[in-house]
Structure formats: structure tokens, C-alpha cells
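Down below is the structure, laid out as C-alpha cells.
The values are calculated or read from the model by the stated rules, or taken from the named source; none is laboratory data. Computed from a predicted model, the values in this text were never measured in an experiment. Glycine also receives a Cβ, built like all others from the backbone with ideal geometry; neighbour counts cover every protein chain displayed. The accessibility values were calculated without ligands, DNA or RNA, using every heavy atom of the protein model including side chains. Shrake-Rupley method; radii C 1.70, N 1.55, O 1.52, S 1.80 Å.
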Amino acid sequence: MGAAANASAGAVSTDGAGGDGAEYREAASVVQVVAPRQASDDDNSRQARGVLQAAQDEAAEILARARRRAEREAEDLLADARRSAERDAAGLKADATARRDEAQRREARVAEREERANQTEGRLAERETELAALADELTERKTALKTAEKDRRAELERIAGLSAEAAKAELVKEVETQAKREAAILVRDIEAEARAKGEERAKRIVVDAIQRVSGEQTAESVVSVLHLPGDDMKGRIIGREGRNIRAFEAVTGVNVIIDDTPEAVLLSCFDPVRREVGRLTLEKLVLDGRIHPQRIEEVYERSREQVEQLCVRAGEEALVQVGIADMHPDLIATLGRLRYRTSYGQNVLKHLIETAHIASHMAAELRLDVALVKRSAFLHDIGKALTHEVEGSHALIGADLARRLGESDEVVHAIEAHHDEVAPRTLEAVLTQASDACSGGRPGARRESLETYVKRLERIEEIAAGMPGVEKVFAMQAGREVRVMVAPDQVDDLTAQMLARDVAKQIEDELTYPGQIRITVVRESRATGVAR
């Protein structure tokens, strides 16, 4: 703008030298127009400088504030670091104090132990001195006793007029004569007894020979193994949140043990019939693949019916082996249930077959009614199939069942008398006892621990089942847990707690068992609707 004004001024002056006044005025007006523009540019420059100065002042102020803030933060950090250092120093000081105290306590304990050791050492030294004195005294007494023994023997020899060797020989001779006399009397009595009881001894030899009848015997267990097609089936058996396995155990009363054994699960139950029903149920569920609570109940009912049919078939096969043709159908079915029952580890149905054979041989040898004795021996333990359902001794239970189903009085008496609940009055009852003892008493036939264990579990279930409002009782986990199913309309939640406590108290009072037994009372209400 300045250069243009100068140029314009020069032009005006040049023209003014040779032009008129009008031209001069025109040039002057141009100069007046250009001059305000220059002034405006100067104002813009001042404003720009003012803005710049303001920006510089604001930047300086921001910098000052930032500096002050940084100083405050540095002071805060320094204060925090100082406090942290003070806390660490205090912790280290406390730790050092604790360690010093612990070291002092250890030193005190060591000093105390050293003092006790010194005292013990002193007592041992005193004891050694006493023992040495006692040893010397004992030696002196032994010497005095030997001297006294010699003096006594010399005095006896002087009084008797015999030496010790001569007296010993006289005594031996007298004892030998007396022994020979007693031996002759004993031989005479033995020979007389042998002649008088020769026939009886011969029959006993026959019975002993019959007692050695060999038969297969496999100790029964309380666990069944079910093989699975794959390990993924274990998850389906358990179900979502364990609902399937809980439903299975509640319906069947069989405990399912799922461990890390590949492609296999264990079924545990002390009642073999119940365990067999549970095994068949789970086997069918695995083969079908559909496992849920409603399906479990359906398959359980079919498996229970199948096991009942197997029991009837087992009873019929046992009759064929023994050679008995006519028997009430209910007795046959009850006998078949003994296929899954054990007594002291011995299968009861096999025990009955074996007892019947032994009894028939003994009856033939003694010229008695073989068929009657065989029938009595074959039915003597039939009451064991009902001990879970009827209270009392299996001998009396079996006798009552046989009486109701038309067995003869001789058979009924042999059953009820084979454990001396009733005194035996007939030869058939005596032979039933003898054959039972022969079968159960042979080596390896029975195992006491298993029967005791089973009886304990049966008693546990009986105690719980005797409480009011109880529908089902299952002893599980090898007797370590008892699950009691109660009727929900008869037992409320408070009564359920009291029932669990009462069952536990009665088990504590009556039974002896290792560890502890957990009582679980299950109270469940179901509502079922059918959409048609």
C-alpha cells in the first residue's frame, strides 16, 4: 500500500507540473482514499500484536499453572513416598522385633531342654549306680542260694541214706510201673468202647465222607460292574445337575458309583435282588440311550418283572437238580429269589441244593424216608427270602410259609427246628441240622464278615422303616448313608429333621459300626398333569 501511494504521489506531481488545477484535485482525492487504507492496516497489525501478546500472556499463565500443579503433584508424591517409606520401616522394625522375640523364645526353650537333659542324665547316672548295686546284691544272693542248695541236698542224702542219683533212679522206676498200669487200663477201656460202639463209629465215618461232598462256591460280593459303550455315557447317566443319578438311586435303592474306571460304573447294594434289578435297569437305559427320570421308572418296572421271572426259572431248575417234582408255585418263586441271596458269603440256593444231596445220602445210609428228608433239607432256609419283608427268625418265617402253602408237619418241624428255635423231635429234623452243618461248615464255604455286614445293613433299614410316615428305606454307600423316603402328606419339614435325629440315635444305641452313618430324609411332592 505504501508503494502504491508513493507511485500515485509521483504521478500527481508530474502531472501537476504541466496540467491544470482540476487534475491536481483529482490526484489529491486519490491520496485521501489511499491514506485511510494505510491506517486500517496499521490497526490490524496492532490487533494482531495484541492477540499475539494475549496468547503469549495466556501461554505464560498456563505454563505457570502447569508448573505450580507439577510442583504440588511432586510434593504429594514425595509425601506419599515418605509415608510409604515410614510404613515399610515400621513393618521391618516390627518384623525384626518379632524375629528377635522368637529367637529369644527359642533360646529359652533350648536352655530349658538342655537343663532337662542334664537332669535326665543325672537321674540315669543315679539309676546306673543303683542297678550296679542291685546286680552285685543279686550275685551275692545267687551264690548264697547255691550254697544253701548244696547243704540241703547233703542233709537229705544223710537222712535218706541214698545218694541223689540212686533216689532219682528209684523214682523213675516207680513212675514207669504206674504209667504202664494206667496205659493197660486205658487200652482195655478203649477196646471195650470200640466194640460197643463199632456200628455207631462206622456210621459216623460214612457221615464224615458225605460231608466232604465238593461243590462250587464263589463268594458273593455287594458290587456289580456295568460296562458302558463309552465314557460319554457317564455324563448322560448323571444327567443335568445330577437329576438322572438321583432319580435312579431313589427309584431302585441302588447306589451308582462313577469313578475314573474307563467305560464302567459300579452298582452297590447289600440286597442282591435289588442290585440285580438296578443292574438290568441301567443296562437297558444305556442300550436305549434315553435316560431321564420318567424313563427310569418305566424301565425299572419292566426289569423288576424280568427278575421275578428269572427267580421262578431258577427255582424250577433247582427242583430239577434236587429231584423234587411237586411243589407249590409260590414256594418255587420264593426259592428262586434265594439265587441272589447269600449267607456268610455262601449262595443260599446252592447251599440248599447241596444240603438236600447230603441229607438224602445220610437218610439212605440210615434207611430213612429219603424223599421226606431231602424235602426238609431243601426247604430249611426258605425263610431267608422273606427276612426283608417279615420280622423274625428265618427258621420260623420259613416254617410258617411252608405250613400255609401245604407242606407236611414233618417238613415244617424240620424247618423251624434247624436252628434250635424249636427243640427237634424227629429224625428228619436232626438230619436237616446235620446236613446244614455239613454244607456250611466245610472249609471255604462261608465267610463270617460278609454275613455280619449284611445283617447290619438289614437292621439299619429295619430301624428306619419302623418310623411313622416312612415309605422306603435304602442303605447306600456300603452302609455309610441311609436314605429315608417319607410320605409328604404325613411328615412335614420339622418332623423330617426329628425323624433323621431319632433314626441316628437308635442306630447309635443298637449297632456297632466303623466310622459314621449319615441319615438323609427325603420328602418329595409330585404333581402330574396329562394333556389330551
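The table below lists the values:
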{"quantity": "Lone unmet requirement of (1) open to solvent by 10 Å² or more (accessible area, probe 1.4 Å); (2) at pLDDT 85 or above; (3) among the small types (Gly, Ala, Ser) for residue 392", "calculated": "(2)"}
{"quantity": "Complete set of residues in segment 484-500 that are exposed (fewer than 12 other Cβ atoms within 10 Å of the Cβ) and either free of Cβ contacts under 8 Å to residues at least 24 places away in the same chain or in a loop (DSSP other than H, G, I, E, B) (or both)", "calculated": "489, 494"}
{"quantity": "Single match in 350, 374 (criterion: touching a residue at least 24 places away in the same chain (Cβ under 8 Å) and under 27 Å from residue 268 (Cα atoms))", "calculated": "350"}
{"quantity": "Condition met for residue 131 (modelled with pLDDT of 90 or more and either of a type in the set (A, V, I, L, M) or within 30 Å of residue 170 (Cα to Cα) (or both))", "calculated": "yes"}
{"quantity": "Subset tally (residues that are assigned to a helix (DSSP H, G or I), touching a residue at least 60 places away in the same chain (Cβ under 8 Å) and open to solvent by 60 Å² or more (accessible area, probe 1.4 Å)) for segment 320-335", "calculated": "1"}
{"quantity": "Per-region count, segment 326-350, residues closer than 12 Å to residue 308 by Cβ and of a type in the set (Phe, Trp, Tyr)", "calculated": "1"}
{"quantity": "Every pair of residues 6+ apart whose Cβ atoms lie under 8 Å, when the first sits in segment 231-254 and is at positive phi while the second is β-branched (Val, Ile, Thr)", "calculated": "239/245; 239/291"}
{"quantity": "Residues satisfying the stated conditions in segment 119-137, i.e. open to solvent by less than 100 Å² (accessible area, probe 1.4 Å) and of a type outside the set (A, V, I, L, M)", "calculated": "119, 120, 122, 129, 136, 137"}
{"quantity": "Which numbered condition residue 525 fails, given (1) under 30 Å from residue 266 (Cα atoms); (2) among the hydroxyl-bearing types (Ser, Thr, Tyr); (3) part of a helix (DSSP H, G or I)", "calculated": "(3)"}
{"quantity": "Residue 411 touching a helix residue (DSSP H, G or I) at 6+ places or on another chain (Cβ under 8 Å), under 20 Å from residue 349 (Cβ atoms), of a type outside the set (S, T, N, Q) and free of Cβ contacts under 8 Å to residues at least 40 places away in the same chain", "calculated": "yes"}
{"quantity": "Meets criteria (among the charged types (D, E, K, R), closer than 18 Å to residue 332 by Cα and surrounded by fewer than 23 Cβ atoms within 10 Å (Cβ to Cβ)) for residue 367", "calculated": "no"}
{"quantity": "Subset of segment 470-483 (residues that are over 12 Å from residue 249 (Cα atoms) and crowded, with 18+ Cβ neighbours inside 10 Å)", "calculated": "470, 479"}
{"quantity": "Test result for residue 354, among the acidic types (Asp, Glu), open to solvent by 10 Å² or more (accessible area, probe 1.4 Å) and over 44 Å from the mean Cα position of the chain (by Cα)", "calculated": "no"}
{"quantity": "Scope segment 508-522; condition open to solvent by less than 100 Å² (accessible area, probe 1.4 Å) and either at pLDDT below 80 or not polar (S, T, N, Q) (or both); matching residues", "calculated": "510, 511, 513, 514, 515, 517, 519, 521, 522"}
{"quantity": "From the options 157, 149, 140, 114, residue that is within 57 Å of the chain's Cα centre (by Cα), in a helix (DSSP H, G or I) and surrounded by 10 or more Cβ atoms within 10 Å (Cβ to Cβ)", "calculated": "114"}
{"quantity": "Tabulated pairs, segment 285-299, first closer than 13 Å to residue 252 by Cα and touching a residue at least 24 places away in the same chain (Cβ under 8 Å), second surrounded by fewer than 15 Cβ atoms within 10 Å (Cβ to Cβ) and of a type in the set (A, V, I, L, M), C-beta under 9 angstrom, 6+ apart or interchain", "calculated": "none"}
{"quantity": "Residues (of a type in the set (S, T, N, Q) and under 30 Å from residue 244 (Cα atoms)) located in segment 295-323", "calculated": "303, 306, 309"}
{"quantity": "Segment 282-316, subset of a type outside the set (Val, Ile, Thr) and not in a helix (DSSP H, G or I), residue surrounded by the most Cβ atoms within 10 Å (Cβ to Cβ)", "calculated": "292"}
{"quantity": "Segment 222-275: number of residues that are open to solvent by less than 50 Å² (accessible area, probe 1.4 Å) and part of a helix (DSSP H, G or I)", "calculated": "17"}
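For (1) part of a loop (DSSP other than H, G, I, E, B); (2) open to solvent by 10 Å² or more (accessible area, probe 1.4 Å); (3) farther than 30 Å from residue 466 by Cβ, each residue gets a yes or a no:
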{"position": "318", "(1), (2), (3)": "no, no, yes"}
{"position": "337", "(1), (2), (3)": "no, yes, no"}
{"position": "361", "(1), (2), (3)": "no, yes, yes"}
{"position": "373", "(1), (2), (3)": "no, no, yes"}
{"position": "380", "(1), (2), (3)": "yes, no, no"}
